[in-house]
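The values are calculated or read from the model by the stated rules, or taken from the named source; none is laboratory data. As the structure is a computational prediction, the values presented were derived from the model and not from experiment. Cβ placement follows ideal geometry from the backbone for every residue including glycine, while neighbour counts extend to all protein chains displayed. The area values use the complete protein model at the heavy-atom level, side chains included, leaving out ligands, DNA and RNA. Shrake-Rupley method; radii C 1.70, N 1.55, O 1.52, S 1.80 Å.
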Amino acid sequence: MTFLFTDVEGSTRLLHELGAEGYAAALAGHRRLLREALTAHGGVEVDTQGDAFFVAFPDPAGAVAAAAEATEKLRSGPIRVRMGLHTGSPHLSAEGYVGEDVHLGARIGAAGHGGQVLLSAATKAGAGDAVLATALGEHRLKDFDEPVPIYQLGSERFPPLKTISNTNLPRPVSSFVGREREVGEVVALVRDGARLVTLSGPGGSGKTRLSIEAAAELVGEFKAGVFWIGLASLRDPALVVETVAQTLGAKDGLVNWIGERELLLLLDNLEQVIGAAPELADLLEACPNLTLLVTSRELLRVRGEGDYPVLPLADPDAVELFTARANVDPDETVATLCRRLDNLPLALELAAARTPVLSPAQILDRLSQRLDLLKGGRDADPRQQTLRATIAWSHDLLDEDEKQLFARLAVFRGGCTLETAERVVGAELDVLQSLVEKSLARRSGERFWMLETIREYAAEQLGDDRYAVQHAFYYLELAEEAHAHLLGTPRAWLDRLDAEHDNLRAALEWFEAVGDGQRALELAGALHRFWYMRGHLQEGRERLERLLAADDRPTAARGRALNGAAVMAVNNADYGVARSHAQAALTLHRELGNEWGAAYSEMLLGNAASGDDDFETACRFTANAELRFRELGDEYYARLAAGNLGYYFQELGDLDRARTVLEDLYRGARVARDERSEAQTSGQLGQVAILQGRFDDALGLLERSLRIAGRLGDPTMAARDLRRLARVLVETGRPEAAASVLSASERMREDAGQQEGWIAAVNQGILDLIRPMLENDAFEQAWTKGQTLTVEGALDLALSDGEHSEVGAEAPRGTRSR
């Protein structure tokens, strides 16, 4: 049987938010939707307790399909449900199903977050390869002695699981052979206080596997968890810290999120972004309980680094590894072959993959010729010569179709799906599967990828530039398609772009490298909404500014990129640059007859003017933009402009007019099911309520906006409304909570890469209210507490004392952030 457990996240908070009657209605709706989805796929309701369901299914595939359907149906509602699935053989008693498998399913379900579906390994295997599941590593669960591998349905990002030991360490399929002494030595270094340990050595020496095994030994010793961050696909050192933050779900600024947490991070394959080393050293200094375990072909050469050179396997271990992978008996020929391969793990695995058709003696004979040829080269590291020779030998044994696909796959920096490989490089499933079987390609879920050492060799074999061209144009097309969908609540498209971000970066860099400035501008312009919505503000700004400086031809691509650069500048409080870009874009769009682009430029000019407190000018530009968007039939951007206009009226002191505009806008957003506009307008109405002294109304409105901001993963929106929430708290006599919430807001602003600018004055105004009400020690303690608060934590704090009511149709301040 497959068991599915569900539970409502934050039911007490929802009761506060919706009131008893509203919560009862929402709960009834949630139960109806759940039952429809679960019974449609063969589920049988075993038990319900409070908000939770226990449902049994005859097969895993039906259970997973039911969970996916139920989660999607509930996505737009106020209730967020976590689900856990496990497949096993329970005992059927008079009271129902009992046994360890039932308890395991319940524990897995309890580890998740609202909107997250977790699967056990048994359920994942039983559901089949068609199910897209993300491995979350092995976790220790209460009442279970051994760690349990857990998978997540889909690829959406959530905070770390709520387990006894938080980890996302990969769980390699193959067994771990040898290296017991090395694992013990690396573990001992960390236990003895080393906070930066670099496992150094050439590609293929086994650094990654050794580091994973050592980190696994340390999981129970780091209270905040042990997390693996793969960096092989990155090329820009500036993206390393951002990638770490995204892996951890640190939407509140990485340094502040880590704070004093006892945390071990395994940074895998750092060599191609070694320029990030000083920033990592600063991170260690700022976070006293952080430990970094790094794998790299070269040392970081920063203060406090401990070097652990990863040497080849000992002879007995090398023989054991080869025989285990090749399924042959050990003998002197095998031992000689291993020595000829310098006992390098990757070289041994590549050779072992050939034993279905060649004996160890034949492999030794054929491979020796290639090794002897290469040993005459000038490579400084003999082990690297051996690995290159082994990869070359493995490549030589491929048939022509396999060789072609092997080389073509090198264009994918971040891996790819089967469908993408078929379209871009003409992959055939059988050939791709053959490369996986020969250990020249890997598969994780729906994506195929190469170890970086192998991908580098494959790229040398490519020769024909046409596949790099096809790769770049495919991702340009994807970005253009996604751009049109990044409105409202585009989580699926944002997740897809996140999964392909490394390939999108590679495409952008390729257009730059070949001097195709126009297509580079097209791609960057198409990505600017994604960069904004997912908080890649600094990366987006740097890329757009560089491309605009490199190609000044007056084209549509330049016009959109100018608007994108204005968005980035507004969010970095650089209003002069924003105005310059938006004005240039407006002039260009008018010359080209692009009415929509011109309207967007006018809205951005309004944003820039508001940044300089020129709200009369902001109203003029924004009213023109709203009218033009409505004439063009674009209701989404008309709502966006109207929201900005409401904010400008508010700043001009016309609060009644602002409220009327925003309430109309809020109702329209609800009808259109536009969550982003709903959240923004709710936050704006919260601000109007603050200015009118309606603090209970403001609390309800800001809670609604922040719930949606949390679901959307929008740190800029969350930071803005937490500032407003802090103002409500201090105005209602809760200065400590206000200080903590304002502190959390600042972390999220920093995480989004948003410059302080005008925000400094807003914060100072709130601090001027807080500080006279608190002693210095109390303030410092509250501020420190805020450094670790998430959006949910801040809301818990705000709602923990006193009642509030939610009023009318309300939501956020204008989108300077647009």
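Overview of values
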quantity: Gly204, sole failed condition from (1) touching a Pro at 6+ places or on another chain (Cβ under 7 Å); (2) in a helix (DSSP H, G or I); (3) under 30 Å from Arg388 (Cα atoms); (4) not β-branched (Val, Ile, Thr); calculated: (2)
quantity: Selection within segment 449-469 - farther than 30 Å from Gly206 by Cβ and open to solvent by 70 Å² or more (accessible area, probe 1.4 Å); calculated: Gly463, Asp465, Arg466
quantity: Counted residues, segment 284-342 - those being aliphatic (A, V, I, L, M) and more than 38 Å from the chain's Cα centre (by Cα); calculated: 7
quantity: Of all residues making up segment 417-448, the number that are open to solvent by 30 Å² or more (accessible area, probe 1.4 Å) and either closer than 21 Å to Tyr474 by Cα or assigned to a helix (DSSP H, G or I) (or both); calculated: 13
quantity: So Glu736, is it more than 25 Å from Tyr636 (Cβ to Cβ), of a type in the set (D, E, K, R) and open to solvent by less than 30 Å² (accessible area, probe 1.4 Å); calculated: no
quantity: Any chance Val8 is open to solvent by less than 40 Å² (accessible area, probe 1.4 Å) and either over 15 Å from Gly105 (Cβ atoms) or among the β-branched types (Val, Ile, Thr) (or both); calculated: yes
quantity: Residue in segment 208-225 that is β-branched (Val, Ile, Thr) and open to solvent by 30 Å² or more (accessible area, probe 1.4 Å) present; calculated: yes
quantity: Only one of Ala215, Ala224 that is more than 25 Å from Leu346 (Cβ to Cβ) and among the hydrophobic types (A, V, I, L, M, F, W, C); calculated: Ala224
quantity: Of the criteria (1) open to solvent by 10 Å² or more (accessible area, probe 1.4 Å); (2) closer than 22 Å to Ala569 by Cβ; (3) at pLDDT 95 or above; (4) of a type outside the set (Ser, Thr, Tyr), which one Gly593 fails; calculated: (2)
quantity: Tally, over segment 303-326, of residues that are within 10 Å of Val177 (Cβ to Cβ), of a type in the set (A, V, I, L, M) and buried (at least 20 other Cβ atoms within 10 Å of the Cβ); calculated: 4
quantity: Among (1) within 23 Å of Gly306 (Cα to Cα); (2) touching a helix residue (DSSP H, G or I) at 6+ places or on another chain (Cβ under 7 Å), the one test that Trp257 misses; calculated: (1)
quantity: Single unsatisfied condition, Asp697 versus (1) more than 26 Å from Tyr575 (Cα to Cα); (2) open to solvent by 30 Å² or more (accessible area, probe 1.4 Å); (3) charged (D, E, K, R); calculated: (2)
quantity: Qualifying helices (runs of 4 or more DSSP H) (wholly inside segment 223-313; at least 1 residues being farther than 30 Å from Arg140 by Cβ and β-branched (Val, Ile, Thr)); calculated: none
quantity: Pair list, Cβ under 6 Å, 6 or more apart: segment 549-560 residue over 14 Å from Arg590 (Cβ atoms), other residue of a type in the set (D, E, K, R) and open to solvent by 50 Å² or more (accessible area, probe 1.4 Å); calculated: Ala557/Glu522
quantity: Residues located in segment 580-598, provided they are in contact (Cβ under 8 Å) with a residue 24 or more places away in the chain and more than 21 Å from His536 (Cα to Cα); calculated: Ala585, Leu588, His589, Glu591, Leu592, Asn594, Glu595, Trp596, Gly597, Ala598
quantity: Residue count, segment 470-483 (criterion: open to solvent by 20 Å² or more (accessible area, probe 1.4 Å) and either under 18 Å from Arg413 (Cα atoms) or free of Cβ contacts under 8 Å to residues at least 24 places away in the same chain (or both)); calculated: 5
quantity: Tally of residues being under 24 Å from the mean Cα position of the chain (by Cα) and at pLDDT below 85 across segment 432-445; calculated: 3
quantity: Yes/no for Leu104 being over 19 Å from Leu248 (Cβ atoms) and surrounded by fewer than 18 Cβ atoms within 10 Å (Cβ to Cβ); calculated: no
quantity: Filtered residues of segment 484-536 (kept if in contact with an Asp or Glu (Cβ under 8 Å, 6 or more places away or on another chain) and open to solvent by less than 10 Å² (accessible area, probe 1.4 Å)); calculated: Gly488, Ala520, Leu521, Ala526, Trp531, Met533, His536
quantity: Any hit, segment 609-622, residues being at pLDDT 95 or above and over 20 Å from Arg657 (Cβ atoms); calculated: no
quantity: Candidate set from segment 136-159 (those that are in contact with a Lys or Arg (Cβ under 9 Å, 6 or more places away or on another chain) and over 29 Å from Arg496 (Cα atoms)); member that is least open to solvent (accessible area, probe 1.4 Å); calculated: Leu141
quantity: Strands (runs of 3 or more DSSP E) contained in segment 1-101 and holding at least 1 residues closer than 30 Å to Asp697 by Cα and of a type in the set (Lys, Arg); calculated: 81-87
quantity: Test for Lys162: is it under 20 Å from the mean Cα position of the chain (by Cα), over 28 Å from Thr417 (Cβ atoms) and surrounded by fewer than 23 Cβ atoms within 10 Å (Cβ to Cβ); calculated: yes
quantity: Output for segment 685-700, where each listed residue is over 10 Å from Tyr666 (Cα atoms) and either in contact with a strand residue (DSSP E or B) (Cβ under 7 Å, 6 or more places away or on another chain) or of a type in the set (Gly, Ala, Ser) (or both); calculated: Gly686, Ala689, Gly693, Ala698, Gly700
quantity: Residue in segment 489-496 that is of a type in the set (Asp, Glu) and within 27 Å of Ser601 (Cα to Cα) present; calculated: no
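For (1) farther than 18 Å from Arg676 by Cβ; (2) among the charged types (D, E, K, R); (3) more than 15 Å from the chain's Cα centre (by Cα), each residue gets a yes or a no:
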position: Ala507; (1), (2), (3): yes, no, yes
position: Phe511; (1), (2), (3): yes, no, yes
position: Gly517; (1), (2), (3): yes, no, yes
position: Ala520; (1), (2), (3): yes, no, yes
position: His528; (1), (2), (3): no, no, yes
position: Met533; (1), (2), (3): no, no, no
position: His536; (1), (2), (3): no, no, no
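To keep it simple, each residue is scored yes or no on (1) of a type outside the set (Asp, Glu); (2) in a helix (DSSP H, G or I); (3) under 43 Å from the mean Cα position of the chain (by Cα); (4) at pLDDT 75 or above.
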site: Gln362; (1), (2), (3), (4): yes, yes, no, yes
site: Asp365; (1), (2), (3), (4): no, yes, no, yes
site: Gln369; (1), (2), (3), (4): yes, yes, no, no
site: Gly377; (1), (2), (3), (4): yes, no, yes, no
site: Leu387; (1), (2), (3), (4): yes, yes, yes, no
site: Ala392; (1), (2), (3), (4): yes, yes, yes, yes
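Conditions tested, residue by residue: (1) free of Cβ contacts under 8 Å to residues at least 40 places away in the same chain; (2) over 21 Å from Met450 (Cα atoms).
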{"site": "Thr167", "(1), (2)": "no, yes"}
{"site": "Gly193", "(1), (2)": "yes, yes"}
{"site": "Ala214", "(1), (2)": "no, yes"}
{"site": "Leu234", "(1), (2)": "no, no"}
{"site": "Gly253", "(1), (2)": "no, yes"}
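The rows are residues; the columns are (1) among the hydrophobic types (A, V, I, L, M, F, W, C); (2) buried (at least 19 other Cβ atoms within 10 Å of the Cβ).
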position	(1), (2)
Ala20	yes, no
Ala28	yes, no
Phe53	yes, yes
Ala68	yes, no
Thr71	no, yes
